[in-house]
1. For segment A:1-63, what does the alpha-carbon gyration tensor say about shape, rounded, prolate or oblate, given a ≥ b ≥ c as the root eigenvalues, a/c under 1.5 as rounded, and a/b over b/c as prolate?
2. Under the rule of at least 5 residues apart or a separate chain, name every residue whose amide H is placed under 5 Å from the amide H of residue B:37.
3. Whole-Hz ³J(HN,Hα) for each residue in segment B:31-48, computed from phi via Karplus 6.51 cos²θ - 1.76 cosθ + 1.60 with θ = phi - 60°, x for glycine and proline: what do you get?
4. How would you classify segment A:1-149 from its alpha-carbon gyration tensor, with a ≥ b ≥ c the square roots of the eigenvalues: rounded for a/c under 1.5, else prolate if a/b is greater than b/c, otherwise oblate?
5. For chain B, compute Rg over Rh where Rg is the Cα radius of gyration and Rh is the Kirkwood radius from the inverse mean 1/r over Cα pairs.
6. Determine the shielding of peptide A:49-57 by partner chains: average, over its residues, the number of Cβ atoms on other chains within 10 angstrom of each Cβ.
7. Take the Cα pairs of chain A, get the Kirkwood Rh, then feed it into Stokes-Einstein at 37 °C and 0.692 mPa s and tell me D in µm²/s.
8. Mind checking the mean number of beta-carbon atoms from other chains within 10 Å of the Cβ atoms in A:40-48?
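Coordinate-derived values only; no laboratory data. Note that this is a predicted model, so its numbers are computed, not measured. Glycine also receives a Cβ, built like all others from the backbone with ideal geometry; neighbour counts cover every protein chain displayed.
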Amino acid sequence: MILHPAVIALVIGSALVCLMILTASFFACRIAASWDPQSGSEKQIGLEKKTYLVSMLVAYAFGFQILSFFLFIYTADDLHGLFAGAMCGAGTLNVNRYGYPSLTVKAAAFILAGLWLIMNHADSLGRDYPLTRAKYLFLLLLAPLVLADVFFEGAFFVNLKADVITSCCGSLFSSGETASKGSLSAVADLPVGPLKCAFYGSGLLTLVSGTLFLLGFRRLGVFFSASSSAFFMASAAAFVSFLCLYFYELPTHHCPFCILQGDYHSIGYLLYGALFGGAVSGLGVGLLAPFGRVKSLAASLPPLQKRLSAMSLILYFIFIAIVAWQMLHTDFVLDP
Amino acid sequence: MISLKGVSKTFNRGRPDEFTAVKGLNLEIGQERVVVFKGPSGSGKTTLLSIIGCMAKPTAGRVFIGDEEISSLPDRFLTEIRRGTFGFIFQQLNLIQGITALENVMLPAYPTGCRHRMLKDRAQRIFEALDLCHRIDAKIEWLSGGEAQRVAIARALINDPAVLIADEPTAHLDTKLSIDFMDIMSRLAHEGKTILLASHDPLVFTSGIVERIIEMRDGRITGNGAGT
């Protein structure tokens with residue numbers, strides 16, 4: 001294990017998050033078994049009093065979970081100088097077999113933790129704990145993911161050996177090298193034409209449905225949410241496949257990590273932050289849609305959904321604006 | 001209407017000094033304007049008024065105001081109800097020394113966001129109604145016991161609450177000031193406010209304005225009848 005300050009911060013932070021989520025999961029089991037808002041029993045009132053504290057605890061834990069995604073990719077990037085062959089975070093994550101699974105679990109945890117926070121916020125808007133049971137059941141589903149995150153992250157850092165020779169991103173994310181690569185890097189070899197259609201098509205659908213939803217077409221909430229998540233996936237794939245080429249100005253370099261470095265003004269953090277933030281906000285609109293009929297949320301949920309859809313559109317706009325600016329202001333031409 | 005269903009309140013649950021102040025009370029307060037909770041010290045009057053006034057949550061049971069169940073509400077909602085529905089006159093008055101009577105009265109209304117000018121006008125009208133205009137700019141430490149009591153009443157009225165809760169309001173007053181206090185309560189009751197008093201002072205529960213007397217002992221209701 002390499003005792004880098006960020007590694008220590010991540011390991012301790014993840015251990016604390018794990019502890020908090022396990023504690024909250026125990027409470028969630030009690031909620032699942034005994035929650036009855038109609039009852040005035042001592043047990044029910046005790047649960048009502050504790051739910052505020054436990055929700056706050058989980059909110060902080062998931063807040064760290066979201067930040068830890070960026071800290072993790074920063075750490076991977078920062079450590080690359082210690083490993084022979086590594087040129088960026090891609091090489092660091094390839095040092096052992098836990099790196100990329102850890103990244104994948106962290107990305108999933110980012111989105112699901114964000115959704116839980118949205119649900120928690122919606123619950124706090126109602127006077128009668130309208131989503132309490134649902135959000136704690138959701139937490140029980142999330143707990144294994146948090147445990148998996150702690151496991152993969154811990155295994156990754158514990159097994160980091162400085163004498164390992166790893167692959168550089170040039171070999172991991174270059175076109176036509178699929179035989180030696182995993183599923184993440186295989187994205188680089190996806191056919192560009194259909195991917196462009198998916199990227200621009202889902203982007204257009206997200207923009208139109210989001211704008212209509214903001215204008216009052218409430219039935220489009222779920223559709224917007226679906227198109228927003230489709231745009232997120234298409235954008236992530238398109239970024240590795242062809243968008244990043246405009247930043248690197250190299251036709252064969254598809255690395256999603258080099259863009260985090262100072263040579264590219266660390267613009268990757270803003271791009272990924274906008275993309276993931278847009279996805280979470282967009283999915284949040286759909287997540288809340290089934291609860292629109294809850295009486296105590298009837299007044300407060302539609303404005304919240306509107307704010308989320310507006311936030312999603314703004315964040316996606318930031319992502320598109322940065323990419324478009326780079327595409328328009330570079331001499332690099334992808335298609336001859 | 002205020003109703004309580006199976007309300008209990010236990011302090012220090014699970015500790016050697018565990019104490020149940022209120023035990024499974026069922027109570028409805030309907031159209032009565034002035035209700036007195038009568039009983040010796042430790043009978044649970046203050047605890048019960050604290051629960052009704054959203055100052056404390058029951059350990060078990062539910063409290064309703066009208067159709068709304070309030071005992072389960074999270075604090076951010078409970079604060080609104082406490083501020084808008086109830087006005088409190090505490091036994092120790094709890095006025096803030098070092099600031100004026102007017103500032104003390106206006107203080108509970110600051111979180112409502114009401115404009116300062118309007119708030120000041122409202123406070124001045126309450127001072128006029130309580131015949132206290134001449135002491136409006138006096139600091140709390142300069143006031144007599146009776147004046148301080150009336151400032152406490154003014155403060156309880158600043159948010160125009162529907163229910164006024166007073167805990168042992170005459171405990172530190174002489175007979176004349178106690179009668180004056182009950183006169184003020186009578187006026188407020190005629191203005192439509194519901195007044196809940198906790199007291200074991202005969203001057204209070206034998207007063208002609210009292211419509212209902214609820215007797216308490218050891219956390220339970222032992223008597224429930226009309227006033228004299």
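1. It comes out prolate by the Cα gyration axes.
2. Close amide H contacts, sequence-distant or interchain: B:197, B:198, B:199, B:214.
3. 8, 4, 8, 10, 10, 10, 9, 10, x, x, 4, x, 7, x, 4, 5, 4, 5
4. Here segment A:1-149 falls in the prolate category.
5. 0.96
6. Mean partner-chain Cβ count within 10 Å for A:49-57: 1.
7. Rounded to a whole number, D works out at 154 µm²/s.
8. 5
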